[in-house]
Amino acid sequence: MRREAPFVLRLVTLALISTLAMPTAAQPAAEPSDAGTPAPTPAAPPERAVEITVVGDRAARRVERSANAVTVLDLSRAKTESSDLGQVLARVQGVSVQRSGGLGSQARFSLGGFDERQVRIFVDGIPIALAGYPFGLQNVPVNLARHVHVYKGVVPIKLGADALGGAFDVITDRDTAGTAGSASYQAASFDTHRLTASLRHRDQPTGLYAKAEAFLDSTKNDYKIDVDTSGPMGQVVPASVHRFHDAYRAMGANVEAGIVDRPWAQRLLLRAFVTDFDKELQNNINMTQVYGGARYGGRTLGTSVRYEENFGHGLRGSFVTGYAYNQTNWLDESRCVYNWYGQCVFERAVGGELGRAPSDLELWSHTGFARWNLSWVLHADHFLRLSVAPTYFTRRGDERASGPTVLDRQSGTRELLTWVNGLEYELRQLDARLVNIAFAKHYHQSAYAKQPVAGSYELNLDTNRNLFGFGDALRFAFTDELLAKASYEYATRLPEPNEIFGNGGNVVEHLELRPERSHNANLSVLLQELETSVGSFDSSLTGFFRRAEDLVVLLGSGGLFQYRNVGEARILGVEGMLNWRSPGEYLELSANTTYQDARNVSTDGAFGPYKGDRMPNRPYLFTNTSVRLQRRDLMRARDELSLTWYGRYVHEFFLNWESVGVAESKATVPAQFAQTVVLAYVIEGGTPQQLSFSGEVQNLTDEKVFDFYGVQRPGRTVLFKATATF
């Protein structure tokens, strides 16, 4: 497939030459927004400038109407409710979120059958860990974000991403005239507390801009679970106990200051952030072993500079350059063997609950990164975009629990350079009803490790690779409401630092790990804001295909693991969505369903014997529904009282390969249906500008809910939240 890239580049070059040969218009057309779909072309340049700077729901709608396979999640309603970002995203069609517990727990995000390692996550176009949120997308405070763009399969070059299955981009609020701010407080079951605050100011005459944000999360996560314990005679006894070692605490702050809307800079902003978190570990991956002392955490500090400007003659630029320092700690020295009641049953001769030896590991990493984007209006309906995205990573470690005579494998240097370049050409025809985006990508990765071995000898390991990818996205608007999209990408995901260098513990390095490659295709039909006498309708139907090779899988034995290229997969899927709002918007109904048939097609290696089997341990059929009743101007002008019910059904799926064992005895994650009810009251106008109160009950019927085999999630949870915006 690599031989096809130059052919695509030649096609793009020929298209550019033919474009440059066209007569130049007296005034260049306005550069489109990231959505790629503008409003009808205005007649005068001032109106075009307005088109560039439009923000809010219209901008979000333009993103969805672009040629890209993208869904935009508006978080304005979620800010008045208590569900975290992971729960909110799980309600989006095509998105699966599997969690190992409550707030602060690890999560697996999946798009189109690909899991979190093949899907990239960003905040304002910056990789999430480098933006100050190293603990995962599911734990990012909802009230500090505005939208989430969910790119499925095909990822635009502006993100500089090597994603295999798609990307999430969290968009924060940067638009302020004068002074604005918000604060929220949430209290919930299991001693959970979440606090966010933000303040923004822009001086219109001078363009001076400043923003400060902070958050604090804490929870004990001491919810009840059903387990098997040992009785007085050693027999197995079922019991209902509270989790006792699952607490989570996170805090962070960021400040941003600079200049906006000046003749020489649309944005020139300096941002700095700090984040700190700590998480206790309660059990192993299938909840068969109890932990009472193991924990991990970390601290991240960083800074970035963002510069955006319209240079004239149709040339615009957006440049972000930054640095992040991350310190990660793993502590596992306890000698106690705990039971589910938190009691130390007996002590081992050697400490360490997770592995074969105690660990007090500290890792330090430094990352420098850039996301540089240039766009050029070649002609009224022809646009060229260039993206350059280098990332340099280095890491060292210290295993303080190892004695002076024990070799510390983490003391060596690890370096990783990743460089993703992209070139994109957009063509619009038929008054922008037809939009086509052709693109090519180049991927470079260099890995280097200085590995200590016996004595004072060090082994130098390094590898270099260059790869190419390409794709195309097409959108046709039959009417203002009815759209059709088709897209394809030959995508690449480069191995991550932990996959190449190991995790500092029981996962060892593998510098020869090959990138994952995939053919991704999407075909969809969208109906947006169709107004009828019986209400307003939104709907979509999407079919998708993925064919991946060299999938990276964690394999091991004897307590040591290593990431290896062993898998090939074929994924066919369909997802559909339907929303309806009654006249007057008193009632809203919504439903979406996703079915994805992910099959192993490996012919040899570790997965060869299971060819044709469904990929294990991941949902393949899930449905979300919601019903919302609301009444405005009820007790005062511009207020709103709403009652919302959410339901989520996940069909049963196997833990292991479906061809192994007898069907009746196979381990499965059972089918489950979880419900949430929210009562919210929002007051608009006055001081503060918006004030909201909500009460929420999650897992309303107190079902036993599992995302992973044997790992029980929280039961019925009561939450309260108050939010003020001024």
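Of the strands (runs of 3 or more DSSP E) entirely within the range 454-532, those holding at least 2 residues that are at pLDDT below 95 and over 23 Å from the mean Cα position of the chain (by Cα) occupy 458-477, 516-532.
Say we look at the range 533-556 and pick out the residues that are modelled with pLDDT under 95 and of a type in the set (Asp, Glu); which of these is most open to solvent (accessible area, probe 1.4 Å)? In this case the residue turns out to be 549. Evaluated against (1) under 27 Å from residue 285 (Cα atoms); (2) in contact with a strand residue (DSSP E or B) (Cβ under 8 Å, 6 or more places away or on another chain); (3) loosely packed, with under 15 Cβ neighbours inside 10 Å, residue 726 falls short on exactly one condition, (1).
Here the strands (runs of 3 or more DSSP E) wholly within the range 290-405 that include at least 3 residues being open to solvent by 30 Å² or more (accessible area, probe 1.4 Å) and within 20 Å of residue 159 (Cβ to Cβ) are 295-312, 315-332, 359-379, 382-399. Of the listed requirements (1) surrounded by fewer than 16 Cβ atoms within 10 Å (Cβ to Cβ); (2) modelled with pLDDT of 95 or more; (3) closer than 17 Å to residue 392 by Cβ, residue 446 misses just one: (2). I'd like the residue in the range 652-668 that is under 25 Å from residue 90 (Cβ atoms) and touching a residue at least 24 places away in the same chain (Cβ under 8 Å) and, out of all such residues, is least open to solvent (accessible area, probe 1.4 Å). Within the range 652-668, the match that is least open to solvent (accessible area, probe 1.4 Å) is 653.
Scanning the range 578-597 for residues that are open to solvent by 40 Å² or more (accessible area, probe 1.4 Å) and within 16 Å of residue 544 (Cα to Cα) yields a total of 2.
Residues that are under 31 Å from the mean Cα position of the chain (by Cα) and more than 22 Å from residue 105 (Cα to Cα) within the range 197-249 comprise 197, 198, 199, 200, 201, 202, 209, 210, 211, 212, 213, listed in sequence order.
Considering the range 486-503, and only residues there that are open to solvent by 10 Å² or more (accessible area, probe 1.4 Å) and of a type outside the set (Ser, Thr, Tyr), the residue that is nearest to residue 366 (Cα to Cα) turns out to be 497.
Scanning the range 628-651 for residues that are modelled with pLDDT of 90 or more and outside any strand (DSSP E or B), which turns out most open to solvent (accessible area, probe 1.4 Å)? The qualifying residue most open to solvent (accessible area, probe 1.4 Å) is 633. Only one entry of 578, 551 meets the criterion of being in a strand (DSSP E or B), more than 19 Å from residue 629 (Cα to Cα) and not hydroxyl-bearing (Ser, Thr, Tyr), and that entry is 551. Go through the range 68-103 and give me each residue that's assigned to a loop (DSSP other than H, G, I, E, B) and of a type in the set (Ser, Thr, Tyr). If the condition is that a residue be assigned to a loop (DSSP other than H, G, I, E, B) and of a type in the set (Ser, Thr, Tyr), then 76, 82, 83, 100 are the ones that fit.
One line per residue, one yes/no per condition, for (1) open to solvent by less than 20 Å² (accessible area, probe 1.4 Å); (2) modelled with pLDDT of 90 or more:
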| residue | (1), (2) |
| --- | --- |
| 12 | yes, no |
| 36 | yes, no |
| 48 | no, no |
| 70 | yes, yes |
| 79 | no, yes |
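Inspect the range 641-661 for any residue being within 24 Å of residue 84 (Cα to Cα) and of a type in the set (D, E, K, R) and give the result as yes or no. Scanning the range 641-661, I find at least one residue that is within 24 Å of residue 84 (Cα to Cα) and of a type in the set (D, E, K, R), so the answer is yes.
The residues listed here are 401, 432; of these, the one that is under 18 Å from residue 68 (Cα atoms), modelled with pLDDT under 95 and not acidic (Asp, Glu) is 432. Which ones in the range 241-273 are closer than 28 Å to residue 333 by Cα and either open to solvent by 60 Å² or more (accessible area, probe 1.4 Å) or of a type in the set (Phe, Trp, Tyr) (or both)? Once the filter is applied, which keeps residues that are closer than 28 Å to residue 333 by Cα and either open to solvent by 60 Å² or more (accessible area, probe 1.4 Å) or of a type in the set (Phe, Trp, Tyr) (or both), the range 241-273 yields 242, 244, 248, 249, 251.
Of 551, 541, 527, all but one fail to be closer than 30 Å to residue 609 by Cβ and hydrophobic (A, V, I, L, M, F, W, C); the exception is 551. Of the strands (runs of 3 or more DSSP E) lying entirely inside the range 652-726, the ones with 1 or more residues being more than 30 Å from residue 182 (Cβ to Cβ) are found at 672-684, 706-708.
The values are calculated or read from the model by the stated rules, or taken from the named source; none is laboratory data. Everything quoted here is computed from the prediction, not taken from an experiment. Cβ: placed from backbone, ideal geometry, glycine included. Neighbour counts: every protein chain shown. Just so you know, the surface numbers come from the protein's heavy atoms only, side chains and all, with ligands and any DNA or RNA stripped out. Shrake-Rupley method; radii C 1.70, N 1.55, O 1.52, S 1.80 Å.
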